[in-house]
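Trainee: Have a look at this one.
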Amino acid sequence: MALHSTSERYRYIYGSNVRRLDSEAAYGEDIPELRPDRKRSVRSRRTEKKSRAKKPVNPEKEAAIQRNRARLLEFDWKYTIITAVALVLCVAAALVYVRGTVRLNDLSAQISSLKSEKKDLLSEQNALQTEIDKNINLDEIRTFAEEELHMVYPGPEQVIYYNNSTSDYFRQYESVDTVN
């Protein structure tokens, strides 16, 4: 059905802006109404169908219709393979995403457990440090150092003062300037 222009293809339905396809009546062939009267008998409808079937058919149109039907009926392996590959890729991508999400959740749980363990260890360390600080008696250490190890406090002539003009912490390989 070679329709050349819009005016040949469509016409307005009375009282509406809705367009409907022109029937073949525009080409000189009679086609019954789109909605047949209900009063018509089944026999008259059958005769109309038979009359339609007896109409002359354009051989080019009929050949095109047959080719299109044959194309639709044949199985397209390329399309099927491409669809299967796309489906496999989508499933693989979904599995990789789910695996990554599960791994992320496991690592998050592991991190939270390690953080709580670290917090517990730090509190235990602070408690032990406090206990150590309580048990240190500086007077006892001084008497032990003087009596047992024979240590003495330095005299004023043994103390050396130096000038620290920079705030550099690592100056251990340089000479220390003494101030007398």
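The values are calculated or read from the model by the stated rules, or taken from the named source; none is laboratory data. Keep in mind the model is a prediction, meaning the values are calculated, not measured. Backbone-built Cβ (ideal geometry, glycine too); neighbour counts: all protein chains shown. SASA here: full protein model, heavy atoms, side chains in, ligands and nucleic acids out. Shrake-Rupley method; radii C 1.70, N 1.55, O 1.52, S 1.80 Å.
Trainee: Restricting attention to segment 134-152, which residues are open to solvent by less than 90 Å² (accessible area, probe 1.4 Å) and modelled with pLDDT of 90 or more? Full working, then the answer.
Mentor: Step one: filter segment 134-152 for residues open to solvent by less than 90 Å² (accessible area, probe 1.4 Å), giving 136-137, 143, 145-146.
Passing the criteria: Thr143, Ala145, Glu146.
Trainee: Six or more apart or on different chains, Cβ under 8 Å: which pairs go from a residue in segment 115-129 that's modelled with pLDDT under 95 to one that's small (Gly, Ala, Ser) and not in a helix (DSSP H, G or I)? Could you list them?
Mentor: Partner pairs satisfying both residue conditions: none exist.
Trainee: Out of segment 122-133, which residues are open to solvent by less than 100 Å² (accessible area, probe 1.4 Å) and of a type outside the set (Gly, Ala, Ser)?
Mentor: Hits for segment 122-133 are Leu122, Asn126, Leu128, Gln129, Thr130, Ile132, Asp133.
Trainee: Test of understanding: among Tyr79, Tyr97, Tyr153, which residue is hydroxyl-bearing (Ser, Thr, Tyr) and not in a helix (DSSP H, G or I)?
Mentor: Just one listed residue meets the conditions, Tyr153.
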